[in-house]
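What follows is one structure encoded as C-alpha cells, with my remarks underneath.
The values are calculated or read from the model by the stated rules, or taken from the named source; none is laboratory data. From a predicted model like this one, the values you see are computed outputs, not experimental measurements. So basically every Cβ, Gly included, is an ideal-geometry build from the backbone, and we count neighbours across all protein chains shown. Heavy atoms of the whole protein, side chains included, go into the accessibility calculation; ligands, DNA and RNA do not. Shrake-Rupley method; radii C 1.70, N 1.55, O 1.52, S 1.80 Å.
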Amino acid sequence: MRVVTHEDFLNYRFFSALEVMPGGGTAVFCLSQATKESNSYQTALWSSSLDGTVVQLIPGTEGVRSFCCMDADWIVFPALRSESDKEYVRRGGYLTVFLKKNLRTQEEMELFRVPLKGATARMVRPGLFLLSCIRDNARPNIEAMPEKARAEALEEWRLEEDFEVCDELPFLSDGRGFINKERRALYLYDTGKQELMELTERDFETSFSTVDPDGRYIVFSGVSYDRFYVRSHGIYRYDVETGRISTLLPPGSYQIMSLAVLGNDVVAAASPWNGEGPFPNHHLYTLPLAGGEMQLRHTHSCEDFGNKTCSDCRYGAGTTFCAADDGYLYYFTTCDTASYLNRWRPGQEPERLNDETLVPDSFAVRDGILLATGMAGGLQELFRIDGSGAHALSKVNSGALEDCVLSRPRKLQFRDKDGFLVSGFVMEPVGYDPTKMYPGILEIHGGPRAAFSGGFFHEMQFLAGKGYFVFFCNPRGSAGSGEAFADIRACRGTKDFADVMEWTDFVLAQYPAIDPNRLGVMGGSYGGYMTNWCITHTKRFRAAVSMRSISNIVGDYGATDYGVWGTPGVYGGTPWSHEELLRKQSPYTYAMNVTTPTLFLHSFEDYRCSLSGAMQMYSALQLRGVPTRMCLFRHSCHELSRSGAPRSRIRRLMEISTWIDRYLVEN
C-alpha cells in the first residue's frame, strides 16, 4: 500500500452534465480526466444502465462536454467533424455544429449548424431548440458576409487581439478574461424551418433560463445594460406559440440565483437586492406564469441555498435546481458540513433525500427516477436515490486509489467565545502513532460563504500522506449555519480570525501529538486573505502558503470582477467613502508585522483576486527580510487548484510540499 501523491489526481474521473433519458432506461453523463501530456482535460460522454450493470463510453463523443436528450434513443451535442469547419473556427470564425446520435445503433448525423461561438442546446419541443452562447457585440457580424469579405474580416479582427478596449463595467470575468461588450445570449433554432432567431436583445445579459416541461414557455432572467451592469435582474416569459416576451418581474428588486417552472408558477431562488453584498442567502419564491407578484414561499433560515461544500475533485457543471414531472422542485442546500438534495412543493417543508454520508454535486430526475453524482467517502460516482437511500451505480473511480492508504476526516465541534457552534475536521497523518509528534497544517476555505465537508480533498490527502496533521473548520462567515453566523460584513479579520485561532487551540488540545512549534497555515481566495491575516496578526505559525489571496482592499478596488459590487457590502464601503475601514481590514496594512516564512501562489489570469495583492505582500516581506517565495502560473484563472492546467496543478502541489517541508520538517 502507498500514500496519495501529488500526481494521483491524474487518475481521477470527474462527472458532469448528468441526464436521465426519456423512458427511464439509461443515464448519460460526461466524464473528464486530467492529462499531463496534453496539459488539458479529456472529456467524453458515457452511458449507464439504471441498475449500474453497464457503464460504457459512447463512441464518437470524445471532446464533448454538453448534450441534450431528444427522446429515448437520440442525444444532441455540439462537435466539429470536418477539417474545414475546424480550420474556420481556428481562424476565429463563429460556428457550432450540432450532431444527433442514436445510443442503440450508434448512427450519427448532422442536425443543424449555427453561426454562434460555443453554443449549447436544450430541446424545447421536438424540432425546436433553445441555444445559449456568449455573444460579442463589439465583433462585426462576419458570418453574414460573403465568403471573400468574410476571410478578410476575420484577418482584420484577429489583428485586434493585441488590444482590449473597455467602456463598460464589468470589463473582466474570471475564467473568461476581458468581457467588454460580451453578453450571455439566448437563441431559438427551428429545425423544420432551418431558422435561427435571437431571443434576447443585443444588450441583454442572461443569468438563468429554463424551459416549461410542456414546451409552452421559456422563462429567463437577466438585465439589459449599455455601460454599467446591475445585479438585480428581471424575470421574463417567452410564449412559444405567439413568439411574445412578457415581463414577469421588472429588474431592480431581486438577485436571482436559479429558475424553474412548476405547474403554473415560476419558482425562483432569489434574495431582495439593495445593491450591496455579493453573498446573500437565497430563498424560494413563486411568481405566476400568467403575471402577478413575487411571493416568498420558503426561507432557508438555518441553512444555505445551494451546494457550497468545497472540494478540489470536481470538474464541469450539472443540474442543481429543476422542477420534475412529479410536481416537485429538486434542489441543493448546505447545512453545517453537509450538502443535501431536497424535494419541495409550495405549501410543504422541503424533504431531504440523502444523509451526510453522501456529498452530492448534481442530479437528474425523470419518470420517477432520481440519480445524483457525488462523493460517499471517496471520489465521485453515480448514485441512484430512492426511499432506502443512495445506491452506487458506477465504479469508474474504484481503481484510482485502491492501493492507497487514506486518512478519513474526523468531525469535531466546539463553541467559540461568543457561543457559536463551530464544526470542523481533523485528518490524521497516514500511519499515525499517538506516541510520536507531528507537524500540523491549518487549512482555511475560500468564500467565505462556503463550507468544508467530509468529502474527498486531494490536496489534504496528499499532505496527510506526507506525515502532516491537517485540520480545517467552518469559522464565522461560512455557509450552512444561519445568517448571524455568516455575517462578517465590514469586520473581516475579527470574528472569523478568532474562530480559526480557537479552532487551532481546540485541535491541539484534542491531539497532543501535534507539535505546537511546527504549525503551518494555508488557504486560497478568502482562505488566502485569512492566511495573510494570520501571518500579520500572530507568530504561532512556522510557515504559510497564501494562494490566490486578497491583501489590499483599497488597492484592488475596480481591478477584479467582483470588487465594484462586492467591496461595499463585504467590507463596508468604497475607498472614497470608507478608506480607513477598508485599510483596517486589509492584511497589507500590517505587512511589517510578518515574521512567518510565506509562499505566495497566484495565477496571471486570476481576475477574482488581483495578482497585485500577492505581489505587494511578497514585496513587503522581501523588504522586511522575511523568507518568502512567489510562484505565478500562466494560463490558469482563480480555479487553478480545481480546474487549472494539469501541469500547473502538479507544480502547485510541489511548491506547497517543498515549502512546508523546509520549515516544518527539515528545520
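Tabulated values for the structure
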{"item": "Segment 512-582, accessible area per residue, ligands and nucleic acids excluded (1.4 Å, Å²)", "result": "28 Å²"}
{"item": "Beta bridges by DSSP in the chain, antiparallel share as percent, to the nearest 5", "result": "80 percent"}
{"item": "Residue pairs, from the table Lys101/Lys148; Lys117/Lys148; Lys193/Lys308, whose Cα atoms sit over 32 Å apart", "result": "Lys101/Lys148; Lys193/Lys308"}
{"item": "Probe 1.4 Å, protein heavy atoms only - accessible area per residue of segment 356-491 in square angstrom", "result": "35 Å²"}
{"item": "Accessible-area value, Val554, 1.4 Å probe, nucleic acids and ligands omitted, Å²", "result": "30 Å²"}
{"item": "Surface share of carbon and sulfur [accessible, 1.4 angstrom probe, percent] for segment 533-625", "result": "53 percent"}
{"item": "Residues of type aspartates and glutamates that Lys36 reaches as a straight line, Cα spacing below 14 Å, ignoring anything fewer than 8 places off in the same chain", "result": "Glu7, Asp8"}
{"item": "FRET E, pair Lys395, Lys148, Förster distance 60 Å, beta-carbon r, rounded to 0.05", "result": "0.60"}
{"item": "Projected label distance in nm at His537 and Arg139, using a 7 Å step from Cα toward the beta-carbon", "result": "4.6 nm"}
{"item": "Dipole of the chain [Lys/Arg +1, Asp/Glu -1 at C-beta], most positive-end residue of Leu169, Thr206, Gly252", "result": "Leu169"}
{"item": "Prolate/oblate/rounded call for segment 234-322, Cα gyration tensor, a/c under 1.5 rounded", "result": "prolate"}
{"item": "Mean ellipticity per residue at 222 nm, deg cm²/dmol - from DSSP H runs of n ≥ 4 across the chain, formula -39500 (n - 2.57)", "result": "-5000 deg cm²/dmol"}
{"item": "Sparse-neighbourhood loop sites, chymotrypsin sites (Phe, Trp or Tyr not before Pro) in segment 506-569 - DSSP loop, at most 14 other Cβ within 10 angstrom", "result": "none"}
{"item": "Calculated Rg and Dmax of the chain using C-alpha coordinates, Å", "result": "25.1, 79"}
{"item": "Among the listed pairs Lys411/Lys539; Lys100/Lys181; Lys495/Lys539, those beyond 21 Å (Cα-Cα)", "result": "Lys411/Lys539; Lys100/Lys181"}
{"item": "Carbon + sulfur, % of accessible area of segment 1-110 - ligands and nucleic acids excluded, 1.4 Å", "result": "49 percent"}
{"item": "Long-range Cα-Cα pairs in segment 390-532 (distance over 19 Å), rounded percent", "result": "53 percent"}
{"item": "Dimensionless Rg/Rh of segment 303-398 - Kirkwood Rh, Rg from C-alpha atoms", "result": "0.94"}
{"item": "Protein-only accessible surface order, largest first, of Ser38, Ser271 at 1.4 Å", "result": "Ser38, Ser271"}
{"item": "Surrounding net charge for Ile550, when Lys and Arg each add one and Asp and Glu each subtract one, Cβ distance under 10 Å", "result": "+2"}
{"item": "For segment 206-261, diffusion coefficient by Stokes-Einstein and Kirkwood Rh (Cα), 10 °C, 1.306 mPa s, µm²/s", "result": "136 µm²/s"}
{"item": "Charged-residue dipole, Cβ positions (Lys, Arg, Asp, Glu), the chain about Cα centre, Debye nearest 20", "result": "1340 debye"}
{"item": "Average accessible area per residue (Å²) across segment 186-332 - probe 1.4 Å, nucleic acids and ligands excluded", "result": "42 Å²"}
{"item": "Net +/- balance of residues flanking Cys637 in space, Cβ distance below 15 Å, scoring K and R +1, D and E -1", "result": "+1"}
{"item": "Shape category assigned to segment 139-226 from the gyration tensor of Cα positions, a/c cut at 1.5", "result": "oblate"}
{"item": "Rounded, prolate or oblate (a/c below 1.5 giving rounded, otherwise prolate when a/b exceeds b/c) for segment 501-655 by Cα gyration tensor", "result": "oblate"}
{"item": "GluC sites (Glu not before Pro) restricted to segment 84-152 and DSSP loop, no more than 15 other C-beta within 10 Å", "result": "Glu107"}
{"item": "Isotropically averaged projected area of segment 35-155, using the convex hull of Cα atoms (one quarter of hull area), nm²", "result": "10.0 nm²"}
{"item": "Carbon/sulfur fraction of accessible area - segment 411-522, other protein chains in place, 1.4 Å, %", "result": "52 percent"}
{"item": "Dipole of the chain, positive end: most advanced residue of Leu582, Gln616, Ser339 [Cβ charges, Cα centre]", "result": "Gln616"}
{"item": "For Asp515, residues with placed amide H under 5 Å, excluding near neighbours", "result": "Tyr438, Gly440"}
{"item": "FRET efficiency, 1/(1 + (r/R0)^6) with R0 41 Å, evaluated for Ser301 and Asp367 via beta carbons", "result": "0.75"}
